[in-house]
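A.B. asks: First, the structure itself, so that you have it in front of you.
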């Protein structure tokens, strides 16, 4: 009986050592890609340019993967409130990794996530998701339609997306 218990304990200890050795080979940190400030600014400028083509002046905010503003621009005649709304749209798009136009009908009773102060669930925000890596969010506010806001946010993303995809 002692012999079989010893075999069992040996087998258990070997089984436990195998996973531990695989941990030793794994990195203990994670490399995260982050947008450069110049990239965030290029996104914001392209969004402003698209909205000007649409005949509207807006505010645009680009947030990093942590939800912190990296670039924030308000066109000359855009209302002051558009700055805060654009920031919240960018943060919400990042948090849900989805274009906000896709979420507008999602938050109805009994679900009240859309009522959290830091979130705005209204068209005009898109995530910056490159190759499955969430890098940030873009929020636009000030156009008469959220869909126009979103068109401008998407134009901002398209201005840098090919270059970001090439970096992989």
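The values are calculated or read from the model by the stated rules, or taken from the named source; none is laboratory data. No experiment lies behind these values; they were computed from the predicted model shown. Here the Cβ positions follow ideal geometry from the backbone for every residue, glycine too, while neighbour counts run over all protein chains shown.
A.B. asks: Out of all the residues in the range 136-168, which are farther than 23 Å from residue 120 by Cα, outside any helix (DSSP H, G or I) and free of Cβ contacts under 8 Å to residues at least 40 places away in the same chain?
C.D. replies: 168
A.B. asks: Starting from the range 81-94, take each residue that is surrounded by fewer than 24 Cβ atoms within 10 Å (Cβ to Cβ) and list its partners that are in a helix (DSSP H, G or I), counting only C-beta distances under 8 angstrom and pairs at least six apart or across chains.
C.D. replies: Matching pairs, first to second residue: none at all.
A.B. asks: What are the residues in the range 51-67 that are within 17 Å of residue 138 (Cα to Cα), part of a loop (DSSP other than H, G, I, E, B) and modelled with pLDDT of 95 or more, if any?
C.D. replies: 57, 58 - these are the residues of the range 51-67 that are within 17 Å of residue 138 (Cα to Cα), part of a loop (DSSP other than H, G, I, E, B) and modelled with pLDDT of 95 or more.
A.B. asks: Output the number of residues of the range 31-45 satisfying the condition of being surrounded by fewer than 22 Cβ atoms within 10 Å (Cβ to Cβ) and within 18 Å of the chain's Cα centre (by Cα). Working first, answer last.
C.D. replies: Within the range 31-45, the subset surrounded by fewer than 22 Cβ atoms within 10 Å (Cβ to Cβ) is 31-34, 36-39, 41-42, 45.
Within this subset, residues satisfying the condition of being within 18 Å of the chain's Cα centre (by Cα) are 31-34, 36-39, 41-42.
Number satisfying all stated conditions: 10.
A.B. asks: Now for a separate question. Is it the case that the range 80-99 has a residue that's at pLDDT 95 or above, in contact with a strand residue (DSSP E or B) (Cβ under 8 Å, 6 or more places away or on another chain) and in a strand (DSSP E or B)?
C.D. replies: no
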